[in-house]
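Report on the following structure.
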Protein chains: 2
Amino acid sequence: MAARQAAQGGRQDELVIWMRPEQASVGRPAERSRAEITAAAVELADREGLDAVSMRRVAAALGTGAASLYRYVATRDDLLDLMTDSTAAEYELAAPTGDWHADLLAVAAQARRIMLRHPWLPALVVTRPTLGPQGVDLLEHVLDALADHPASAARKLEAFAMLNAVTAQFVQHEVSTTDAASLRQAVYLQHVAAAGHHPRIAALMTSPGVPDEAAPPSADDHFRAVAGRVLTGVLS
Amino acid sequence: MAARQAAQGGRQDELVIWMRPEQASVGRPAERSRAEITAAAVELADREGLDAVSMRRVAAALGTGAASLYRYVATRDDLLDLMTDSTAAEYELAAPTGDWHADLLAVAAQARRIMLRHPWLPALVVTRPTLGPQGVDLLEHVLDALADHPASAARKLEAFAMLNAVTAQFVQHEVSTTDAASLRQAVYLQHVAAAGHHPRIAALMTSPGVPDEAAPPSADDHFRAVAGRVLTGVLS
DNA sequence: TACCTTTCGCGTACAGTGTTCGCGAACGAC
DNA sequence: GTCGTTCGCGAACACTGTACGCGAAAGGTA
């Protein structure tokens, strides 16, 4: 009973958060849960953006102190991972139909909707792709839909990753077309076009907005078209 | 001469940084330049990662104080935009050959190399896609290579964006396969596979690493294959 | 009931961050 | 030399993520 670890009980920091027990079975019971904290963080991010998700503000939203959160989460990045995975629970996964292309397109369409609900998601998905319990369920579903597809396992994983990347990029572009930074960017492009060099870009600016047809497609249709093309490209 | 703006001389913050004059023509001449500051920031990011790029540390690398940087840059985000655009100067753009597919693939291959040189680039490209003077040159080159392609202008822009997104994601995955977070993730996936549910994922883990052939392709060949597939997908 | 053990809540503190203010110094033009 | 203007930058402010350590609270056991 002499050589003991510190009070924290030998916390295994080198394990992903979903492998660390949520709380101990002995001692004083916890007043909160990871799910509760995650929900508060998600709501805060939905309302005020990812930068607003600071430990202090999340704690305040729960009516507690910042240091308390560290009983549930080792670091802020852990909390971000929890947020990402929690959104994967919003998928409604029906059984595969046998048409893998349609099934994956349905998944992608849901991904887009979820990302539109949580505009902070694309940045997280792209910069720290993490698979938690819910994300793993999603991946299993995708692999299930691709069960009869002749591609290699690596190729299927690649398709999953690329579809995610493309969806995230698409949504980010879709969401940011009206914010201040994008307007500044547009002004600059006009400036470049007017300067005379870059004739191709100049031609771009004078052409109509989305001139595929007389009637521009809805954003949903447009996304389905893009995702479908990427899909057929990656999965021969 | 009564109603005048503040001392800063009516700085137009609502303009993108490349439209703001670098320095005034009257008064004391500046001791540094945006290019110098950007180079220091890039070098710092290459060496210690994007989080190390703080105003204080960049200033210290230049032997000056943090507040001085604000004479050249309105905000840290401006500096990040400058860094992004500065990497676009590393492309070596040859004249289009007439084979648009090969030309775009060459651009993508260079993009990958540049991102490998600057591991912080993918995150920036994806989360704050910005076109500065160098980025505009690159876009012009891409549009030039696609001049004879029958797709609409919007479709070509989309191809450019998707190629960038896919390249960034690919490089990020390529770079992060050995870092601590990825190892944790792998351990968790093993855990999930061992738990019994998720049989498809379990099958994934037991299959060989990249089993397309007996000899796994080089990373460069692999990337060319992926980018090529996405390209043919997006540009019919 | 009285301990004893273990965990929980969280005030406080520390090192760092982006950014603003305002002043002295330095320069070009006249 | 003097004026107008800009530059460099120390100091300060409002934050941030996180570590420490203490008091309180809840079992389990005697």
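Solvent-accessible area lost on pairing B with A (1.4 Å probe, both sides summed) amounts to about 4800 Å².
For the full complex of protein chains and a 1.4 angstrom probe, list A:Arg200, A:Arg28, B:Arg32 by accessible area with the highest value first. Spell out each step's value before the answer.
Values: A:Arg200 95, A:Arg28 200, B:Arg32 50 Å².
Result, largest first: A:Arg28, A:Arg200, B:Arg32.
In whole percent, what relative contact order does chain A give with Cα contacts below 8 Å and a gap of six or more residues? After rounding, I find 18 percent. Distances, shortest first, from the label point of A:Ala102 to those at the same position in the other copies read 4.1 nm; the point lies 7 Å along Cα to C-beta. Each other copy places its own label point for B:Ala180 at 3.6 nm from this one, sorted shortest first, where the point lies 7 Å along the Cα-to-beta carbon line.
Model label sites at B:Ala109 and A:Ala219, defined 7 Å from Cα along the beta-carbon direction, differ in position by 3.8 nm. The listed residues B:His222, A:His141 rank as B:His222, A:His141 when sorted by accessible area, largest first, using a 1.4 Å probe. Each other copy places its own label point for A:Asp46 at 4.4 nm from this one, sorted shortest first, where the point lies 7 Å along the Cα-to-beta carbon line.
For B:Ala30 and A:His197, a Förster radius of 25 Å and the Cβ-Cβ distance give a FRET efficiency of 0.40, rounded to the nearest 0.05.
Projected label points at B:Ser182 and A:Arg20, each 7 Å from Cα along the beta carbon direction, are separated by 2.3 nanometres. When shorter helices are ignored and each DSSP H run of at least 4 residues is given -39500 (n - 2.57), the per-residue value for the protein assembly as shown at 222 nm works out to -18500 deg cm²/dmol. Accessible surface of the protein assembly as shown, 1.4 Å probe: 54 percent of it comes from carbon and sulfur atoms. Considering all different alpha carbon pairs of chain A, the Kirkwood hydrodynamic radius works out to 20.9 Å. Accessible surface calculations at 1.4 Å, restricted to protein heavy atoms, place the protein assembly as shown at 52 Å² per residue. Chain A residue nearest by beta-carbon to the axis mapping A to B, with distance in Å: A:Gly233, 1. Label-to-label distance for B:Thr75 and A:Ser236 is 4.8 nm, based on points extended 7 Å past Cα in the beta-carbon direction. Relative to one another, the C-alpha centroids of region B:113-179 and region B:31-108 are positioned 16 Å apart.
The values are calculated or read from the model by the stated rules, or taken from the named source; none is laboratory data. Since we're looking at a predicted model, the values are computed, not measured. In this analysis, Cβ positions are derived from the backbone assuming ideal geometry, glycine residues included, and neighbour counts consider all displayed protein chains. Heavy atoms of the whole protein, side chains included, go into the accessibility calculation; ligands, DNA and RNA do not. Shrake-Rupley method; radii C 1.70, N 1.55, O 1.52, S 1.80 Å.
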